[in-house]
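The values are calculated or read from the model by the stated rules, or taken from the named source; none is laboratory data. Owing to the predicted nature of the structure, the values given are computational and were not obtained by experimental measurement. Glycine also receives a Cβ, built like all others from the backbone with ideal geometry; neighbour counts cover every protein chain displayed. Each accessible area value is taken on the protein alone, full model and side chains, heavy atoms only, with ligands, DNA and RNA left out. Shrake-Rupley method; radii C 1.70, N 1.55, O 1.52, S 1.80 Å.
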Amino acid sequence: MDKLVIQGGTRLEGTITASGSKNSSLPIIAATLLTGKSPFQLHRIPDLKDIATFRSLLHHLGAESTFADGILEISTQKVQSARAPYELVKKMRASIYVLGPLLARFGHAEVSLPGGCAFGPRPIDLHLMAMERLGATITIKTGFIEATTNGKRLRGGQIDFPVSSVGATGNALMAAALAEGTTTITNAAAEPEIEALCHFLVAMGSPITGIGTTTLAIEGQPTLQPVAFNNVFDRIEAGTLLAAAAITGGSITLNDTEPEQMQAVLEAFSQAGCTVSTNGNSISLESPRTLQPVNITAEPYPAFPTDMQAQWMALMTQAKGTSLITDHIYHERFNHIPELNRLGAHIDITSNQAIVHGPQHLSGTKVMSTDLRASASLVLAGLVAEGTTEVLRVYHLDRGYERIEEKLCRLGARIERQKYDEFS
Ligand code: EPZ
C-alpha cells in the first residue's frame with residue numbers, strides 16, 4: 001500500500017497545467033456504448049484508478065480500448081453482455097453510468113446496485129425513475145438492477161428531477177440519445193461535466209438545446225456516430241492545486257483551464273484575501289500574508305462544489321477567525337474532520353455544518369485517508385503542518401488525482417510516495 005510522506009513548510013510557486021476532468025471522462029466513456037461503430041478517440045483523459053476501473057468494466061462488457069498519453073481510443077463494436085457485475089461496480093459508483101447506454105442500445109441491462117461510500121448512502125432512485133420515464137421496466141433482484149424495454153425502442157418523454165443529480169442527468173441524456181422523439185429534462189444538473197457530455201452527444205449526432213442550463217431537450221436518433229473529442233479540464237484538481245498555493249503562502253499559475261467554470265471557488269479564494277487573476281485559459285493565485293475566514297455552502301453548480309468542501313476546510317484551519325462550512329449535497333461528508341483535528345485543527349461539527357476555528361498551528365503526524373477528497377484535504381494540511389505528515393491509504397487519492405505529488409513537488413513541495421505494510 002502507498003503513503004505520502006510530506007515535509008511541511010515550503011511555499012508553492014510556479015506554473016502547472018491542469019489534467020482532464022475525471023467526472024466528465026466517466027460519462028463520456030460510458031456514452032461510447034451507444035454505438036457499435038468505431039473508433040472513438042478521447043483526448044485529455046486523466047490517468048486515474050477510476051478510469052482504469054471503468055475501462056475494465058467496459059472490457060468485461062466486450063469493449064476494446066488503448067490508452068496512452070491521455071488519449072483513449074475505444075471501440076464498443078463487440079459489446080454483447082449487458083451485465084455489469086458487482087465485483088466491478090462496487091469499486092466505483094459511477095459504474096451506474098453504463099445503465100442508460102446499455103438499455104438504449106440493447107433494450108436490456110443488468111447492473112449491480114452500487115454500494116454506499118464513505119460519506120453516506122448514495123441512492124440511485126433518480127437514475128431508475130429517468131429510465132422508467134423513457135419507457136423501461138425496472139426490477140431489483142438479488143442486488144441487481146434489471147432494466148428492459150420489453151423489446152421496444154425507448155421513447156422520448158419528460159423527466160422532472162426533484163433533486164439536481166449529476167449522475168441521473170447523465171444517464172437520462174445517454175438513454176434519451178437513442179430514444180424515439182425528444183426528451184425534456186427539467187432541474188437537470190448544469191455542472192460543466194454534464195455540459196461536456198452534452199457537447200459529446202451532440203458531436204455523436206443527437207441535437208441538444210439548453211446546454212449549460214437546468215432545462216435540457218435532446219432529440220433521440222436511430223443511430224449515433226463515433227467521434228474524436230477533447231475532454232474538459234478538471235476544475236476540482238485545479239481548485240485543489242490553488243488551495244495548495246493558498247495554504248502555503250505561495251503563488252501559482254494554472255494553464256489550460258476554463259476560469260468561468262470556477263467562479264464560486266475563485267470568489268471564495270478572493271474573499272479569503274488571495275489575489276486571483278485570470279488571463280484567457282490561465283488562472284493565477286497569490287496567497288496573502290493572512291488568510292481571512294470565508295463561510296461556504298456546497299450546493300449544485302454554479303454554487304461552491306461539494307468536491308471542494310474538504311479542501312476548503314483544510315485551508316480555513318489557517319484563516320484568522322471562525323468559518324462555517326455547510327454541505328447541502330452530502331450531509332455526512334465530514335470524515336476528514338477527525339483526521340484534520342489530529343493534525344491540530346480545531347473543527348466542531350453540528351448536523352451538516354462544520355465550524356472551523358482558526359488559525360491553528362498544525363503538527364505533522366500519521367493520518368488516514370477515508371475517501372478521495374478527504375485525502376486531498378489531508379495532503380493540503382500536511383503541506384503547512386510543522387514536521388512530517390504521513391497520509392496513509394493514498395489509493396483513495398489515486399482514484400481522482402493524476403500523480404498529484406509529482407505536480408506539487410514541481411511547485412516546490414517536499415513529498416515522497418512510499419510503500420508501507422499497514423499491518424506491520
Ligand atoms: C457526482 O456524483 C460526482 N461523481 C461526485 O464527485 C460529486 O460529489 C457529485 O456528483 C455532486 O456534485 C462523478 O461525477 C463520477 P449526484 P453523483 O447524483 O452523480 C442525491 C468526486 O469526489 N441523489 O449529483 O453520484 C445524492 O444522494 C465525486 O469526484 C438521489 O437522491 O452525485 C446527493 O445528495 C464524489 N438519488 C445528490 O443527489 C439519485 O438517484 C447529488 O448526487 C442520485 C442522487
Filter region 49-64 down to residues that are open to solvent by 10 Å² or more (accessible area, probe 1.4 Å) and in contact (Cβ under 8 Å) with a residue 24 or more places away in the chain and give me whichever is farthest from the ligand (Cβ to nearest atom). HIS60
Report, by residue number, each residue of region 326-345 that is within 28 Å of GLY8 (Cα to Cα) and within 13 Å of the ligand (Cβ to nearest atom). ARG333, ASN335, HIS336
Condition check: open to solvent by 30 Å² or more (accessible area, probe 1.4 Å) and in contact with a helix residue (DSSP H, G or I) (Cβ under 7 Å, 6 or more places away or on another chain). Does SER25 satisfy that? no
Any chance SER277 is open to solvent by less than 10 Å² (accessible area, probe 1.4 Å) and either more than 18 Å from the chain's Cα centre (by Cα) or within 14 Å of the ligand (Cβ to nearest atom) (or both): no
Which residues, taken from region 346-357, are assigned to a loop (DSSP other than H, G, I, E, B) and either out of contact with any strand residue (DSSP E or B) (no Cβ under 7 Å at 6 or more places or on another chain) or at positive phi (or both)? THR350, SER351
If a residue has to be touching a Leu at 6+ places or on another chain (Cβ under 8 Å) and either within 9 Å of the ligand (Cβ to nearest atom) or not assigned by TED's automatic domain parsing to the domain that holds PHE106 (or both) to count, how many in region 172-193 make the cut? 0
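So, in region 240-272, of the ones that are β-branched (Val, Ile, Thr) and over 10 Å from SER287 (Cβ atoms), which residue ends up nearest to the chain's Cα centre (by Cα)?
The qualifying residue nearest to the chain's Cα centre (by Cα) is THR240.
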Those residues of region 86-113 which are more than 29 Å from ASN230 (Cβ to Cβ) and either open to solvent by 20 Å² or more (accessible area, probe 1.4 Å) or touching a His at 6+ places or on another chain (Cβ under 7 Å) (or both) amount to TYR86, GLU87, LYS90, HIS108, GLU110, LEU113
Members of region 292-308 found to be in a helix (DSSP H, G or I) and either within 9 Å of the ligand (Cβ to nearest atom) or open to solvent by 20 Å² or more (accessible area, probe 1.4 Å) (or both), listed by number: THR306, ASP307
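Out of GLN41, GLN77, I need the residue that is open to solvent by 10 Å² or more (accessible area, probe 1.4 Å) and farther than 23 Å from ILE194 by Cα. Which one? Explain how you work it out, then say what you get.
Details: GLN41 fails: farther than 23 Å from ILE194 by Cα.
After applying the criteria, what remains is GLN77.
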Residue list for region 313-343, restricted to those being of a type in the set (Lys, Arg) and either part of a loop (DSSP other than H, G, I, E, B) or open to solvent by less than 10 Å² (accessible area, probe 1.4 Å) (or both): LYS320, ARG333
Are there any pairs with C-beta distances below 6 angstrom linking a residue in region 247-260 that is at positive phi to a residue that is crowded, with 23+ Cβ neighbours inside 10 Å and of a type in the set (Ser, Thr, Tyr), with the two at least 6 apart or on different chains, and if so which? GLY249/SER287
Which ones in region 171-181 are buried (at least 18 other Cβ atoms within 10 Å of the Cβ) and touching a Pro at 6+ places or on another chain (Cβ under 9 Å)? ASN171, LEU173, MET174, ALA175, ALA177, LEU178
